[in-house]
1. Using only atoms on other chains, find how many Cβ atoms lie within 10 Å of each Cβ of peptide A:124-131 and report the average.
2. Note down the relative contact order for chain A as a percent, whole number, built from C-alpha pairs under 8 angstrom at least six residues apart.
3. Tell me whether the range A:255-332 comes out rounded, prolate or oblate; compute the Cα gyration tensor, take square roots of the eigenvalues as a ≥ b ≥ c, and use a/c under 1.5 as the rounded threshold.
4. Under the Karplus relation 6.51 cos²θ - 1.76 cosθ + 1.60, θ = phi - 60°, what is the ordered set of whole-Hz ³J(HN,Hα) values for the range A:14-29, x standing for Gly and Pro?
5. Give me a single rounded figure for B:64-71: the average over its residues of other chain Cβ atoms within 10 Å of their Cβ.
6. Would you kindly state how much longer the chain becomes between A:Ala315 and A:Arg9 on full extension, computed as 0.36 nm times their sequence separation minus their alpha carbon distance, in nm to one decimal?
7. What length, rounded to one decimal in nm, is gained on full extension from A:His38 through to A:Glu194, with 0.36 nm per residue of separation minus their alpha-carbon distance?
8. Show me the GluC sites (Glu not before Pro) within the range B:70-133 that DSSP assigns to loop and that have at most 13 other Cβ atoms within 10 Å of their Cβ.
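What follows draws every value from the coordinates through simple rules; no lab data is involved. Only a predicted model underlies this, so the values are computations on that prediction, with no experimental measurement involved. For neighbour counting, all protein chains shown are included, and Cβ atoms are generated from backbone atoms with ideal geometry for every residue, glycine included.
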Amino acid sequence: MSIDFQQVRRQIIELGEAAERSVANNRRLLEEAQYLLHEHARDYDAVRRKIERVVQAYDRNLRCALPLDEALDQGYPLPPLPGQVAILAADGSQIAPSRHESFEYALVNVGAIHMELGAAQAPVLQVESRLLYEAQIEDLTDATLALLRDLGERRLLADLATELPPGAITLTDGQMELWLGEAGSRDEHSLFQESLLEYKLVLQQLRAAQASAAGYVDRPAGRGVMRMLEVLRMTEQELPEVRRSKPFRPLRDLHLFRGLLRPGERSALFEIQSPSSSFYADDLALHFFYLNVGLEGRDSLARVEVPRWVVDTPAMLDDLHAVLVQQCRVMGGRPYPYLLHRAHEIALVTLQEKEEITQMVLRELRGRGLEVFEKSNKQLAKDLESGRR
Amino acid sequence: MAAIEIGRLLRASNTGFVAGCRVAQLGSPEFGALVRVPLGPAYQIYGLIYDIRIEDDGLVRQLATVETVDAGTIADNRENRTTPIEISVLAAGYRQDGRLLHLLPPRPPLSLDLIYLCEPEEVRRFTAAGWFGYFRHVLRSVDLPVGELLAAHLQQAQQAHAAAGNPGWIEAAAQELIVLLRDDYQTLMAVLGALGDIAPFNR
């Protein structure tokens, strides 16, 4: 007995009814958001001033978009592909420690792939596997392990890009801003601060190598532009309530730019206003744009995060824009950058590989005459269940 | 001349085995070729390649639907990705303590054993040993394209024998097949039809 499908069925009907009710309301909200975007499309300075004032006076934790100097309601066309450019992508996966296993250890596995655009040679792969044990896994949580993985991805890319001529494009999956999650213990925050400092060094290394860096977010849930519009629709008298006022809450930026961007086009560039903005200052300040990587009649929007040095170098930005669309088109009807997918394949630790590593660890310990425990009874029982399925 | 390695063993039984190989190794093995698996100084298993299978996966299927796939992506999928190329081999005999036998091997090879292509001298030695006993293993394999497999094998073996001044080998092999298949008209016609397409018979 696993799921009571009768119960779920009733709830699915309610879900359908709620979705039906939301359609009209969301359409009205979207029309209002689109109107505001057009209305303020060129008020860059006024919009920035209002948001900066709100941050200072009412909400220091405000997360939203800040316009630069591009019209907010326009699409920016696909630039030509650069003749020759190195593209690097990295991804990571991890094994979290479990006290129910025979031996407690963690593993961070980072894979990178390097391809020369237009070259006929097979790309070059690189994997870095790091085993963590004993003191290294004390206080290690899922969040801090993910942080080590994210940092490992970027460090590997920076090291590889340093060896290449200027202009290399480096890609990771997900946002560029290192993220610990909402909560977090004191230990987690301490590690997070250390990681942030190292991340800053990695970004500086990439900038020094004159490589571009980008975080690619597929089906983005971000609503930074929506939040910006929510601030814009508020009167001066309403601003003190800015934290609670989220009228466009059901909508994401995705909804706003769908239909606005034609295949291959990017949106205007925005700077990220967030509590961590002060950390990513100057050349490292994080920016983003939306990109329609789909085909005619089959829009597919991604969010691309880049640091300021990429934004400030038009050739770098154009190359990144063109290469991302090219990489997505390699995958045909399901656009996603090919090299990011390959980096994921390279980095992925399968259950079989995890079991193999565990056996290697146990053989090593037994070979040294050390005591080795069995898996916990709970884990053994679970393994029985999974074996039956 | 260095032995040509074509892959490593994935799975096996007494009657046959399957090897996995990289794209870079795929140039050597051919349908019908004789291969060997050395299992020690005095024991070696022989077999005939009856199938070369290139497996797909989700990514390859997706890429196949795209209008043009660039050379770098093709090279990546062929050289870097672990999409296996599987070579199926029918066990044809073995050599033990210097003696060649066209019998099923007493024990199969083990996982990851290396598999080599037989050189012409070994092909001559194996196919000239006894009296075509290994044909039995081919002829009783109901799921194989028996005629095509025999034609491909005979053509390759005939080249090895002819090069060594023994052009009559293939005539003897064909006569033996006719004898073995005298009560199976359908298979005999399929085998003879395929043999008719190979060099010594289609002049």
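1. Counting Cβ atoms of other protein chains within 10 Å of each residue's Cβ and averaging gives 1.
2. 23 percent
3. Cα axes put the range A:255-332 in the prolate bin.
4. Here the 3J(HN,Hα) series is 4, 4, x, 5, 5, 4, 5, 5, 6, 4, 5, 4, 5, 5, 5, 5 Hz.
5. Mean inter-chain Cβ contacts per residue within 10 Å come to 4.
6. That pair, A:Ala315 and A:Arg9, stretches by 104.8 nm at full extension.
7. Separation in residues times 0.36 nm, less the Cα-Cα distance, equals 52.0 nm.
8. none
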